[in-house]
Amino acid sequence: MKMRLQQLFGRLQFRLFVSHVVVALLTAVSVTLVMLLFSHRAAESPPLDLYQAVAFDYARMWLAGVPDGEATDPAVDPMVGWTIILSQQDEIVWSRGDTLCRAGMAFDACPELSLIPTADRFVQRDGERWAQVRAPLADGHVVLMQRGRVIAQPRLFYGDIVLDGYGAIIAFEGISRGLVALPIALLLASVITRPQVRRLLAITQTSRRFASGDLQVRIGDRHEDDVGRLARQFDDMADALGRNIETLQDLAQRNADLALQAEEAAVKAERARISRDLHDAIAQRLFSLSVSTTALPDLITQNAAQGIQQAKTIAEMAEQTLLDLRALLVELRPITIVEQGLAEALRGMFRQWQSVHRIHIDAALMLTGRTLPVAVEDALFQITHEALSNVARHAQASLVEISLVEGQQRLALSVSDNGRGFDVTVPPRTAHFGLMSMRERAQMLGGDLKIESESGKGTTLQVTLPFAKDETDLL
């Protein structure tokens, strides 16, 4: 039940309907209060003709046989003061109120009668306004009256219903006017609120459809009121958002195309580098091995000792070629990362590299041992391998210092050598495919690569790769 009431009061149409009804009822009650307020103010300062009418009411009371000499009674007398009726012989025949005059007394024996003028008027008495009235009757009698402020409660007659007092009158008038206003209010509320509610519901339903993805929907309300302006503002906003979404979609498609082109360019660069390495290192050695092994039988026939030495050289060359080939295969996702983890794979690479190039490596790997994203592990391994390859080719170094530190949301790699270094401000004569490849690998993962070097003071490469705490695979 409570839920139904909340749903009912939550409906805009119901709230508008109730508000119209409440306004109508409050208006009816307010009009009643205003009318009674003016009536009350008028009763506090009644006009002279009202006093004259009251005088005739007392004459009717005399004719009805109301006893003589009654004091002022708030339940009967509307005002304080007194009323006296004289006969044609100036004899008092009836009196009522705050006076000592009584029936049977002569005119001269009643001191109050000397205050009554021949014409009706208002006088001041103790700072209050009093009325003095002299009203002749048809049978020759005269009503003399001196009355002040109103003391009687208001009385309202509705057929057989008599209402005494402001409280009863206000309650009856408010309820009766409210009952009369209620059906009119209901009718007007229904006529006025329904069209407005339908227009507001159209705005609500259209906004929901727009939010759910229907970007072509519009309200189309052309009225010149507030609701119409709100609807047009929504349509204008929807048009602008639609254009912006189309622009964003175009930009997203262009970015996707650019990313694909960048990926293709990176693949081509990687292939070119591997091709160059195969040509420079392995192909040339294989050619030398082919030439040396072809001439080996003749050399052994002519000089056995020199032939044996040549055979040892060929064996060393074959072993070196095998090591270089394995190094290239390692770049294609080394199985040691999968089997042993990143740290052991790096240590294995360091041992192999040292044995081949005879350059000492001082490595500090500070990893927590938790599983890292595959893309991050591969990028770190390949960047480290490429950095060591650059040291072996260009640095002429005797020591390489490597540190890898795992933070909360990033990995920091540093590779430093004590080689000859170079001036980073001078553009290289030839393209550094290795450096380009390392930078592209870092940038594809949202990372950064920096190089610090001076001629004769070695080179330091710093790489930072971010990753999320709960991430299992970045790509």
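The values are calculated or read from the model by the stated rules, or taken from the named source; none is laboratory data. What you see is a predicted model; the values in this text were computed from it and never measured. Backbone-built Cβ (ideal geometry, glycine too); neighbour counts: all protein chains shown.
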Lone qualifier among ILE175, ILE161 - being more than 58 Å from the chain's Cα centre (by Cα), modelled with pLDDT under 80 and assigned by TED's automatic domain parsing to the domain that holds LEU33: ILE161
Cross-chain or 6+ apart pairs with Cβ under 8 Å, the stretch 447-461 first and at positive phi and assigned by TED's automatic domain parsing to the domain that holds VAL376, then surrounded by 13 or more Cβ atoms within 10 Å (Cβ to Cβ) and assigned to a strand (DSSP E or B): GLY458/SER416; GLY458/ASP417
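Here is a yes/no grid of residues against (1) assigned by TED's automatic domain parsing to the domain that holds ALA442; (2) closer than 15 Å to THR459 by Cβ; (3) touching a His at 6+ places or on another chain (Cβ under 6 Å); (4) small (Gly, Ala, Ser):
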| position | (1), (2), (3), (4) |
| --- | --- |
| HIS357 | yes, no, no, no |
| GLY369 | yes, no, no, yes |
| PHE381 | yes, no, no, no |
| HIS385 | yes, no, no, no |
| LEU388 | yes, yes, no, no |
| GLN396 | yes, yes, no, no |
| ARG410 | yes, no, no, no |
Subset of the stretch 404-433 [in contact (Cβ under 8 Å) with a residue 12 or more places away in the chain and within 47 Å of the chain's Cα centre (by Cα)]: LEU404, VAL405, GLU406, GLN408, GLN409, ARG410, LEU411, ALA412, LEU413, SER414
Criterion: polar (S, T, N, Q) and outside the structural domain of ALA171 (by TED's automatic domain parsing) - qualifying residue of SER19, SER30, SER87: SER87
Failed condition for VAL76, given (1) surrounded by 12 or more Cβ atoms within 10 Å (Cβ to Cβ); (2) more than 17 Å from ALA109 (Cα to Cα): (1)
Identity of the residue in the stretch 354-374, closer than 30 Å to GLY419 by Cβ and free of Cβ contacts under 8 Å to residues at least 40 places away in the same chain, that ends up nearest to the chain's Cα centre (by Cα): LEU367
Total residues in the stretch 93-105, condition over 20 Å from VAL76 (Cβ atoms) and surrounded by 13 or more Cβ atoms within 10 Å (Cβ to Cβ): 1
Any hit, the stretch 161-171, residues being over 30 Å from ARG441 (Cα atoms), of a type in the set (D, E, K, R) and in contact with a helix residue (DSSP H, G or I) (Cβ under 7 Å, 6 or more places away or on another chain): no
Qualifying residues in the stretch 452-468 (those that are surrounded by fewer than 15 Cβ atoms within 10 Å (Cβ to Cβ) and either charged (D, E, K, R) or within 46 Å of the chain's Cα centre (by Cα) (or both)) - the one modelled with the highest pLDDT: GLU452
Total residues in the stretch 63-108, condition closer than 17 Å to GLN146 by Cα, hydroxyl-bearing (Ser, Thr, Tyr) and either touching a Pro at 6+ places or on another chain (Cβ under 7 Å) or part of a loop (DSSP other than H, G, I, E, B) (or both): 2
Test: VAL180 is over 28 Å from the mean Cα position of the chain (by Cα) and in the same structural domain as LEU25 (by TED's automatic domain parsing): yes
Flag if ILE85 is out of contact with any Leu (no Cβ under 6 Å at 6 or more places or on another chain), within 15 Å of ALA135 (Cβ to Cβ) and in contact (Cβ under 8 Å) with a residue 24 or more places away in the chain: yes
Residues of the stretch 125-142 satisfying the condition of being touching a residue at least 12 places away in the same chain (Cβ under 8 Å), touching a strand residue (DSSP E or B) at 6+ places or on another chain (Cβ under 8 Å) and not hydrophobic (A, V, I, L, M, F, W, C): ARG125, GLU128, ARG129, GLN132, ARG134, HIS141
Residue count for the stretch 361-398, restricted to those that are among the β-branched types (Val, Ile, Thr), under 29 Å from SER455 (Cβ atoms) and surrounded by 21 or more Cβ atoms within 10 Å (Cβ to Cβ): 3
